[in-house]
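The values are calculated or read from the model by the stated rules, or taken from the named source; none is laboratory data. Since this is a predicted model, take the numbers as computed values, not measurements. Glycine also receives a Cβ, built like all others from the backbone with ideal geometry; neighbour counts cover every protein chain displayed. Remember, those area values only see protein heavy atoms, side chains included, never the ligands or the DNA or RNA. Shrake-Rupley method; radii C 1.70, N 1.55, O 1.52, S 1.80 Å.
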Amino acid sequence: MYVGEFLLWFGSAIKAETRKKLKMGYTSGDMTLKEVQKNYTQESVSNNPRPIGPYYAYNDRYLEIRGGMFENFRGILTWISLLIFLIPLSSSYNSIYSFIVLYNNETDKVTGYVIAIIFFSIIFLISNYLCIRYFRYIYRFELFTIRHIRVRFNRITKQVYIQRPKYCGGTVVFKWEHIMPANFGETGSDMGGTNMVNLITFHPYKTGFPVAQSVGIGKNTYNPQDYKDEWEFIRRYMEHGPENLPKPRLSTHLPMPFHGFEGHVKPMIHAAKNAPTAWVYLLLIPVFLILLPFYTVGYFISECLCWQPRWPKVIRQAGKAGKPIPKETTLADYPPKVQQALLDSRLEWSVRDEKTGKLVDYGNS
């Protein structure tokens, strides 16, 4: 489910006139100068680097991990979408069936079947138009889109590649040294107990891009130490190589019936552990018996109705001898209207000097 990625990109790339219609103001994402100047790739945050994953690739040149902020909710929109798709499907079936009955002279109620053909044809055309014109902005979060967001860390080129759908910002390239872990940092704040993925950010102070770009990686967790352990694993891989690091178990890009099981069952187990009362256990029984299979099957259907595109050739070959280094993402990589929207949003990413309390002019104004 790519709702999180879409909202992050939509908040930065929304046109000024659309923002005005929706009565959306500009939010403040101020950070301190100390936070944005720090090189997070050089500081160890854990003594127990662990590849929690899921990982899709791991070798001497790069590692690749799954992205996506709300993968544990995937399957819900799939079922909603399939139910809505039943309207044009059933209306087309009824229309065709009525036509066949008339064509084969199987009834004397010609007028009734003609009216049925006209009625169901109109329903089909209207519902089909609404699905294509409007509802596609909803079902594309789980259906007929990229199967999984991927994040590739290339230790040879010292770059990070993020593969996202175009409506979430598309594929981008940033320097490794510009990365900032968002679940912990200078403030020492940890997102424990929130069942979130590990968030990483590329702030405009470092990248020169007008706005920050963020992506979630790995699995959802309630344990704040998991964030640090996996980040430390990636950090050591990029800085020192795969030696002396545990080798991750690799997952597949292909649809598998069990992929969604863990993400759906973990919140239920967490709820049972934190509220071990009889009524909680009774409540979880129908959840396990009905909702868990429901969500898991929806996740699998979503995977089957999506595809996993290849990386661009320059990224696939990045780090090989004699091959070019991928160009970092800049404002010019986007259409003119999107460029203007990003420029309009750049003031949301101000940097404040913690010593003077004043905003720092770093070319983003």
Wholly within the range 86-195, which strands (runs of 3 or more DSSP E) include no fewer than the required count, namely at least 2 residues that are under 21 Å from the mean Cα position of the chain (by Cα) and more than 20 Å from Ala318 (Cβ to Cβ)?
179-181
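Being modelled with pLDDT under 85, open to solvent by less than 50 Å² (accessible area, probe 1.4 Å) and either small (Gly, Ala, Ser) or within 27 Å of Gly170 (Cα to Cα) (or both): is that true of Ala318 here? Full working, then the answer.
Details: modelled with pLDDT under 85: no; open to solvent by less than 50 Å² (accessible area, probe 1.4 Å): yes; either small (Gly, Ala, Ser) or within 27 Å of Gly170 (Cα to Cα) (or both): yes.
So Ala318 fails the test.
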Only one of (1) closer than 24 Å to Gly218 by Cβ; (2) in contact (Cβ under 8 Å) with a residue 40 or more places away in the chain; (3) open to solvent by 70 Å² or more (accessible area, probe 1.4 Å) fails for Trp311. Which number is that?
(3)
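Going through Tyr58, Tyr93 one at a time, which residue ends up being at pLDDT 90 or above, open to solvent by less than 50 Å² (accessible area, probe 1.4 Å) and of a type outside the set (S, T, N, Q)? Quick ask: steps written out before the conclusion?
Values: Tyr93 fails: open to solvent by less than 50 Å² (accessible area, probe 1.4 Å).
Answer to the check: Tyr58.
Would you mind finding the one in Val101, Val114 that is hydrophobic (A, V, I, L, M, F, W, C), open to solvent by 20 Å² or more (accessible area, probe 1.4 Å) and over 30 Å from Leu250 (Cα atoms)?
Details: Val101 fails: open to solvent by 20 Å² or more (accessible area, probe 1.4 Å).
Exactly one of Val101, Val114 is hydrophobic (A, V, I, L, M, F, W, C), open to solvent by 20 Å² or more (accessible area, probe 1.4 Å) and over 30 Å from Leu250 (Cα atoms), namely Val114.
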Restricting the search to the range 93-113, which residues are more than 25 Å from Leu83 (Cα to Cα) and in contact with a Ser or Thr (Cβ under 8 Å, 6 or more places away or on another chain)?
Val101, Tyr113
Over the range 258-299, the set of residues open to solvent by less than 40 Å² (accessible area, probe 1.4 Å) and among the β-branched types (Val, Ile, Thr) is Val265, Val280, Val287, Thr296
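Conditions tested, residue by residue: (1) within 14 Å of Gln308 (Cα to Cα); (2) of a type in the set (A, V, I, L, M, F, W, C); (3) open to solvent by 10 Å² or more (accessible area, probe 1.4 Å).
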position: Tyr129; (1), (2), (3): no, no, yes
position: Tyr134; (1), (2), (3): no, no, yes
position: Ile146; (1), (2), (3): yes, yes, yes
position: Asn154; (1), (2), (3): no, no, no
position: Val172; (1), (2), (3): no, yes, no
